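Here's the structure we're looking at; comments come further down.
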Amino acid sequence: MIIELLSGIISFICALVAVAFFTLLERKGLGYFQIRKGPNKVGLMGLPQPMADAVKLFSKELIKPTLINIFPFLICPFMSLFLSLLLWLLYNNYFVCSMGGLSLLLFLCISSLSVYSVMGAGWFSNSKYALLGSVRAVAQSISYEVSMSLILMSCLILSGSINLSVIMNYQLFIWIVFVNFFMLIMWFVSCVAETHRAPFDFAEGESELVSGFNIEYGGIGFAVLFMAEYSSILFMSVLVVSLFFGGLLYISFYGMLFYLMIGFVSFLFIWVRASYPRYRYDLLMYLIWKSYLPSVLSILMFLVMLVYFLNI
Amino acid sequence: MLMTMFYLIVLFMVNLLLFMLGLVIYKRSYKDREKNSPFECGFDPSICTRSPFSMRFFLLAVIFLIFDVEIIMLMPLTMNIMNSNTHWPLTSSMIFLIILLMGLFHEWNQGSLNWMK
């Protein structure tokens, strides 16, 4: 039990460290996409840059504007970090005994709860920009949650379980992506929209809403909101790999490939950010309600037939 | 269950620690009336900030509610469809999904999915 507890704590800490270095990867990556060098002055090749950033962000001024509701305003970022770190209990790796049983149900619960922290962060700031940004962010999150859970269900139907490690072991001989390729693409786009990332970052469209729901935050509040966002991005890329490219982690070749693929998928989030201009809000809503949802439902019907008649 | 409680407590402690850290080391500064007012581009922010929002968002939330309930009802299907000898999981899920799809097309036809008129 001590070992399980320790492995849980270590996976939380490793998630935080991964978040820190993911921000460095993003800055470096965006730098090289724009033919310039990223941060390279701090320490050796700019490697300790995330630590310097953390110290800077934590020691910034903590502004408490007069109109806010102070207590929920301070709680909301921490609630968001709590929820997105809680997701790492489902992280299925070689060392950690992950939460078995109904792990993907837990994922759905937690990811739908994290809408409340965004809503609270916007509402309790008591500012017009923050409120507009949070309304947009909430609408976007809840719409994409529908398609996300239906796509998740397609993988669950194919493997007949809602336990993440069972799903991964099920894909020992063939990956689900070969059956479910279009679902993979839709899942990735839904993940990008769910985490409010770059082509779909309407929550913080700089030109119209200065920074969205986190505009009144400074110092530790902003840093924690930022960490929560990046932690959920990293977990989403873990989930992409383990749902569509699963396998037995005890096989050493696959064990390495798993982490390489996670790195690649999380780099894909940055690549998308560097490559595409911002989408339009009504088109985003049409994309989910008029294009993804009907096609996902149809493919789901097809998959149910497939599983039942071919008995795979 | 006990393990989950432990994890929750540990996570809570991590968050508390970060919060304390932030409260201890942030930069002290003077307070100012203009500085502490909500961020708006030069306007006087005395008007009500929690303004009413567009009806579209509310309609969207209502449609989302229906689909979320439907996802909960579809969830047991994932484990039943493989392990069953009867045709009932297949038939019922097909009827359910077809009703859903028809409902979605009906919403579309009635125009409640349109973002702009």
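List of remarks:
- Solvent-accessible surface, computed for protein heavy atoms with a probe of 1.4 Å, shrinks by 40 Å² or more for the following residues of region B:80-117 when the other protein chains are added to the isolated chain: B:Ile81, B:Met82, B:Leu90, B:Met94, B:Leu97, B:Leu101, B:Leu104, B:Trp108, B:Leu113, B:Trp115, B:Met116.
- Rounded to whole Å, sorted largest first: equivalent-ellipsoid semi-axes of region B:1-110, Cα gyration tensor: 48, 30, 7
- Helix axis angle, B:88-110 relative to chain B longest principal axis, alpha carbon, degrees: 60 degrees
- Heavy-atom accessible surface of A:Trp88, to the nearest 10 Å², is about 20 Å², with a 1.4 Å probe and all protein chains retained.
- Net charge of the neighbourhood of A:Gly38, taken over other residues with C-beta under 15 Å away and scored Lys/Arg +1, Asp/Glu -1, is +4.
- Counting only DSSP H runs of at least 4 residues, each contributing -39500 (n - 2.57), and dividing by the residue count of the protein assembly as shown, the helix-based mean residue ellipticity at 222 nm comes to -22000 deg cm²/dmol.
- Averaged over the residues of peptide A:214-221, the number of Cβ atoms from other protein chains lying within 10 Å of each residue's Cβ is 3.
- Gaussian network model of chain A, Cα within-10 Å springs - most flexible of A:Asp53, A:Asp282, A:Asp201: A:Asp282
- With all protein chains modelled, accessible area of B:Phe53 [1.4 Å, Å²]: 120 Å²
- Tilt relative to chain A, helix A:103-123 - C-alpha long axis, 0 to 90 degrees, to 10: 20 degrees
- Solvent exposure ordering (accessible area, 1.4 Å, most first) of A:Thr66, B:Thr86: A:Thr66, B:Thr86
- Diffusion constant of region A:61-310 at 37 °C, which comes from Stokes-Einstein with the Kirkwood Cα-pair radius and 0.692 mPa s, µm²/s: 173 µm²/s
- Aspartates and glutamates with Cα under 15 Å of A:Lys41, excluding same-chain neighbours fewer than 8 positions away: A:Asp53
- Shown for chain B: the carbon plus sulfur share of the solvent-accessible area, taken with all protein chains present and a 1.4 angstrom probe, equals 72%.
- Residue with peak Gaussian network fluctuation, chain B [Cα springs, cutoff 10 Å], from B:Asn83, B:Asn15, B:Asn36: B:Asn15
- Gaussian network model of chain A, springs between alpha carbon atoms under 10 Å - residue of A:Val241, A:Val192, A:Val42 with greatest fluctuation: A:Val42
- Evaluated at q = 0.09, 0.10 Å⁻¹: base-10 log I(q)/I(0), Debye formula over Cα of the protein assembly as shown: -0.61, -0.75
- Estimated buried accessible area (total), pair A and B, 1.4 Å, Å² to nearest 100: 6700 Å²
- Cβ-defined net charge surrounding A:Ser149, 11 Å radius [Lys, Arg +1; Asp, Glu -1]: -4
- Within the full protein context, the accessible area of A:Tyr116 is estimated at about 120 Å² for a probe radius of 1.4 Å.
The values are calculated or read from the model by the stated rules, or taken from the named source; none is laboratory data. All values derive from a computational prediction rather than experimental measurement. Here Cβ is always computed from backbone atoms with ideal geometry, including for glycine, and neighbour counts include all displayed protein chains. Calculation scope for accessible area: heavy atoms of the full protein, side chains included, ligands and nucleic acids excluded. Shrake-Rupley method; radii C 1.70, N 1.55, O 1.52, S 1.80 Å.
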